[in-house]
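One structure is given below, encoded as structure tokens.
The values are calculated or read from the model by the stated rules, or taken from the named source; none is laboratory data. All values reported here derive from a predicted model rather than from experimental measurement. Ideal geometry is used to build each Cβ from the backbone, glycine not excepted, and the neighbour counts take in all protein chains shown. Just the protein is used for accessible areas: all its heavy atoms, side chains included, with ligands, DNA and RNA removed. Shrake-Rupley method; radii C 1.70, N 1.55, O 1.52, S 1.80 Å.
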Amino acid sequence: MPLVRDGKAVADGWTTVADDAALPADAPVIVSFARWRAERAVLEQRNAPLGLGLKNTDAVEEVGPEIHRFGLVALNFPKFSDGRAYSQARLLRERYGFKGDLRATGQVLPDQLIHMLRAGFDSFDTADARVLQQWSKSVAAYHAFYQPIGRLRPTLDNLRREEARPAAAD
Amino acid sequence: MSRKPKGPQAVTANRLGDGAVVYLAETGRWSTRLEEARLLLDAAQADAMLDEAGRDAATRVVGPYLIEVETGDAGPRVASLRERIRATGPTI
Amino acid sequence: MYAYDRHDRMFVHARVEQFRDQAARRLKGELSEDEFKPLRLQNGLYLQLHAYMLRVAIPYGTLDARQMRQLALIARRHDRGFGHFTTRQNIQFNWIKLEEAADALHLLAEVDMHAIQTSGNCIRNVTADAWAGVAPDEIEDPRIWSEIIRQWSTNHPEFSFLPRKFKIAVTGSPADRAAVKVHDIGLRMHRNAAGETGFEVIVGGGLGRTPIIGTTLKDWLPKRDLLSYLEATLRVYNRYGRRDNIYKARIKILVHELGPEKMRDEVEVEFQTIRDGALALPAETIAEIAAHFAPPRYAKQPGFAPAHETLRRTSPGYRRWVETNVVPHREPGYAIVHFSLKPEGGVPGDATAEQMEAVADLAEKHSLGEIRVTHTQNLVLPHVAVEDLPAVWRAAEAVGFATPNLDLVTDIIACPGLDYCSLANARSIPVAQRITRRFADLGRVHEIGPLSIKISGCINACGHHHIGAIGILGVDKQGEEFYQITLGGNAGPEARLGDLLGPAVSADRVVDTVEAVVEAYLAIRAPGEDFLATYARLGLAPFKERAYAPR
């Protein structure tokens, strides 16, 4: 699938494997939450990076404490207007400290990129050419945000405090 | 609308750029004048026109749908209160 | 008032330019209507019957003279010279073009205003008591907290695509003038046993198709935890709120389906996990926001107000206006003045550009530049010296805002209804106009006493009909406008939903029926008893009997 990261089209090294399909020998694969629960022992024996694909109704709490085992987590937007995966993303990043690739799948549109980046997503599985076209504009739209979420931009509050601080008297 | 229309129908929508009420006219153009609306006598033809209008929605109009129209000596008249208000403006 | 700094300004301007680009892409066909609709809604732009409608936020109902003048300018330049103040402290312009919407938003940004999140499935404009900061019974200024919530909720990346819209209201007084029990979250400030101020958090209230009075999830929440608790509640809602049925997607349905206990537990677990995180509010942050709302420097007023006292003795009209539309202020020598946007035969909540400018001038001259918008669609000058009241009264008379009917039978709340709104089933405004004409006799209006009439043109209940002492709901019966009447609704601390009087009545009959209900009340009330008290004592039966009696 076409993949976008950091404003560029990149090759996707991951293969999403259906629950009933055989696992390739040592390629990086993305498996469902159900398959991971059912075949965990086998999957952990593999000598290739493992990715986890979650539905937006899957409880991240169940997998959160072990999320570091995965090199990638794919979260799904069945419709761009269904915002459940934003909560999942923040929980994985902020509560469970997930450091790997957080991928958005499903209906990924250019005008939601900024929310996704802030919530912690870093790669976008989308065939929509507008995502690449709009990337720079979307990312540059704001100089700061009100919420202390993500690291894309400082908060307005932080900027105010920095400016209010007297110049160091050294 | 589940009820079967009794009389002629027309396609209406709001114009994308300014939201104005428009009707699909004979020439395929969108007109703000109900008198210019193309009257569709047969339900199948009306549905086909609506489909065509839907394709127009990308750049010209929003949300096309069919309305019932009554014809008379004074020209076409829309049947429902909602459409009368759309056609002639607020009643206040 | 909260004053934007450079960063707030850059932010709202960035938002305007972002929307300008989105609208341009829509007009070029690069965005479909489905893709564009949530973007325009989150910038306040609806598509109504005749045109686009722009809903502008007046955060917690506070604005200054300069901002009011800019609203007048927008009304002239981008609309047809008027605007409509709503029950959620917004103003709506009815005749906006998509092609010009970003220009109108730019004019707003020039005066530190916006239309951000006034629609869409996100956290909406936060509303508060219109008497914030000046009400004698106030515990703490709710605008401090409304502003803190405004900042936290603006462009929130996690909560921009909720199951459905989400409305928050804050009151800082025991007398609830913000209808907090019928909001998705209502916050009521009060003191705990130790005397500290905190919040009662009421969740899952709302009107619309399934009217419900909210459930208290937390009796007393410390101030430092406000945002953590809100974030926890919103997160539970975003994850578990229903998305399969638009009519069951509000948080009230989630509270109902989980049950209050389970809902409370879910929120509590999330809250305890995040309460010491980045959203905990340090005292200094609270103090910084609070400083914006410090009381203005009032000029010391002499102990007597001769012009006011003289006119009060000599002019019954003035006396009536003072007794009805002017209420006590916390600062001695000052008063809170209400401008009624409910003249006889008028459109409730409408103001022309000229009227807006006149109010701006008066605010500058007599109210330290400040104006408020009430959830009953009226305007307020919050800081008027008592001695200035005669001048303010004359000026209000001149612009048509001096009808002495605050909280009386002609102080009607009405949604735009089928004259403008694409959701409506029936008209609201003409019903309000006919009722105010029927009750044109001010002596009679005052004889009737406090009585709220609230009119909605459809079940979405923007006119709050469920909480009107007399509620009127427009319905469509085989293409004809009919109206269902409810009695006994109340918005305040004793919030209560009205009861259905009986079968819906035709448009021809609706004013007669309302009048019959009012006459019934006058006939059966005990001395000193207002409409709601009589209704509470006697119930529906005596009203029903008279309302449907053959004439």
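So C:E331 clears everything in (1) out of contact with any Phe, Trp or Tyr (no Cβ under 6 Å at 6 or more places or on another chain); (2) open to solvent by 30 Å² or more (accessible area, probe 1.4 Å) except one condition, right? Which one?
Looking at each condition in turn, C:E331 falls short on (1).
Among the listed residues B:R84, B:R38, identify the single one that is farther than 29 Å from C:Q22 by Cβ, of a type in the set (D, E, K, R) and open to solvent by 80 Å² or more (accessible area, probe 1.4 Å).
Residue meeting the stated conditions: B:R84.
Examine the range A:134-157 for a residue that is touching a residue at least 40 places away in the same chain (Cβ under 8 Å), within 20 Å of A:L92 (Cα to Cα), out of contact with any helix residue (DSSP H, G or I) (no Cβ under 8 Å at 6 or more places or on another chain) and charged (D, E, K, R), and state whether such a residue exists.
There is no residue in the range A:134-157 that is touching a residue at least 40 places away in the same chain (Cβ under 8 Å), within 20 Å of A:L92 (Cα to Cα), out of contact with any helix residue (DSSP H, G or I) (no Cβ under 8 Å at 6 or more places or on another chain) and charged (D, E, K, R).
For the range C:9-19, which positions are more than 7 Å from chain A (Cβ to nearest Cβ), surrounded by 15 or more Cβ atoms within 10 Å (Cβ to Cβ) and not aliphatic (A, V, I, L, M)?
C:H13, C:R15, C:E17, C:F19
Among C:I74, C:I91, C:I96, which is within 13 Å of chain B (Cβ to nearest Cβ), in contact with a Leu (Cβ under 8 Å, 6 or more places away or on another chain) and either free of Cβ contacts under 8 Å to residues at least 12 places away in the same chain or open to solvent by less than 10 Å² (accessible area, probe 1.4 Å) (or both)?
C:I96
Considering only helices (runs of 4 or more DSSP H) fully contained in the range C:197-304, which possess at least 1 residues that are away from chain A (no Cβ under 14 Å) and closer than 23 Å to A:Y86 by Cβ?
Of the helices (runs of 4 or more DSSP H) lying wholly inside the range C:197-304, those with at least 1 residues that are away from chain A (no Cβ under 14 Å) and closer than 23 Å to A:Y86 by Cβ span C:226-240, C:251-258, C:260-274.
Name every residue in the range C:369-403 that is of a type in the set (F, W, Y) and in a loop (DSSP other than H, G, I, E, B), in order of residue number.
Passing the criteria: only C:F401.
Which ones in the range C:413-435 are open to solvent by 30 Å² or more (accessible area, probe 1.4 Å), more than 10 Å from every other protein chain (Cβ to nearest Cβ) and outside any helix (DSSP H, G or I)?
If the condition is that a residue be open to solvent by 30 Å² or more (accessible area, probe 1.4 Å), more than 10 Å from every other protein chain (Cβ to nearest Cβ) and outside any helix (DSSP H, G or I), then C:L423 is the only one that fits.
Condition check: open to solvent by less than 10 Å² (accessible area, probe 1.4 Å) and modelled with pLDDT of 95 or more. Does C:G186 satisfy that?
Judged against the criteria, C:G186 is a match.
Test of understanding: among B:T12, B:T32, which residue is open to solvent by less than 50 Å² (accessible area, probe 1.4 Å) and in contact with a strand residue (DSSP E or B) (Cβ under 6 Å, 6 or more places away or on another chain)?
B:T12
Within the range C:25-53, can you find the residues that are within 20 Å of C:K165 (Cβ to Cβ) and facing chain B (nearest Cβ under 7 Å)?
Answer for the range C:25-53, where residues must be within 20 Å of C:K165 (Cβ to Cβ) and facing chain B (nearest Cβ under 7 Å): C:E33, C:L47, C:Y52.
Residues being farther than 25 Å from B:I85 by Cα and part of a loop (DSSP other than H, G, I, E, B): count how many of those fall in the range C:464-485.
Matching residues across the range C:464-485 total 2.
Report yes if C:A461 is out of contact with any helix residue (DSSP H, G or I) (no Cβ under 8 Å at 6 or more places or on another chain), open to solvent by less than 40 Å² (accessible area, probe 1.4 Å), not in a helix (DSSP H, G or I) and not acidic (D, E), otherwise no.
So C:A461 fits the description; yes.
Would you call A:D58 more than 14 Å from the chain's Cα centre (by Cα) and exposed (fewer than 15 other Cβ atoms within 10 Å of the Cβ)?
no
Filtering the range A:116-148 down to residues that are of a type in the set (V, I, T) and out of contact with any Pro (no Cβ under 6 Å at 6 or more places or on another chain), which residue is nearest to the other protein chains (Cβ to nearest Cβ)?
A:V139
Working only within the range A:141-154, note down all residues that are at pLDDT below 95 and not in a loop (DSSP other than H, G, I, E, B).
Within the range A:141-154, none qualify.
What's the total number of residues in the range A:20-43 that are open to solvent by 80 Å² or more (accessible area, probe 1.4 Å) and either in contact (Cβ under 8 Å) with a residue 60 or more places away in the chain or in contact with a Lys or Arg (Cβ under 8 Å, 6 or more places away or on another chain) (or both)?
1
Looking only at the range B:51-75, filter to residues that are at pLDDT 90 or above, under 23 Å from C:G479 (Cα atoms) and more than 14 Å from chain C (Cβ to nearest Cβ); which one of those is farthest from the chain's Cα centre (by Cα)?
B:V69
Return the residues of the range C:244-264 that are open to solvent by 60 Å² or more (accessible area, probe 1.4 Å), over 25 Å from the mean Cα position of the chain (by Cα) and farther than 13 Å from C:T215 by Cβ; say none if nothing qualifies.
Selection gives C:D244 alone.
Looking only at the range A:111-138, filter to residues that are of a type in the set (A, V, I, L, M) and open to solvent by less than 30 Å² (accessible area, probe 1.4 Å); which one of those is farthest from the chain's Cα centre (by Cα)?
Checked the range A:111-138; the qualifying residue farthest from the chain's Cα centre (by Cα) is A:V131.
Residue by residue, here is whether (1) among the aromatic types (F, W, Y); (2) in contact with a Phe, Trp or Tyr (Cβ under 6 Å, 6 or more places away or on another chain); (3) buried (at least 23 other Cβ atoms within 10 Å of the Cβ); (4) more than 19 Å from C:A294 (Cα to Cα) holds:
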site: C:L107; (1), (2), (3), (4): no, no, no, yes
site: C:V111; (1), (2), (3), (4): no, no, no, yes
site: C:I116; (1), (2), (3), (4): no, no, yes, yes
site: C:A128; (1), (2), (3), (4): no, yes, yes, no
site: C:D137; (1), (2), (3), (4): no, no, no, no
site: C:R143; (1), (2), (3), (4): no, yes, yes, no
site: C:S146; (1), (2), (3), (4): no, yes, yes, no
site: C:V170; (1), (2), (3), (4): no, yes, yes, no
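Which residues, counting only those in the range C:300-328, are open to solvent by less than 60 Å² (accessible area, probe 1.4 Å) and either over 27 Å from C:G133 (Cα atoms) or of a type in the set (S, T, Y) (or both)?
Within the range C:300-328, C:L311, C:S315, C:G317, C:Y318, C:T324 meet the criteria.
Just checking, which of C:V337, C:V347 is open to solvent by less than 60 Å² (accessible area, probe 1.4 Å), aliphatic (A, V, I, L, M) and within 13 Å of C:L389 (Cβ to Cβ)?
C:V337
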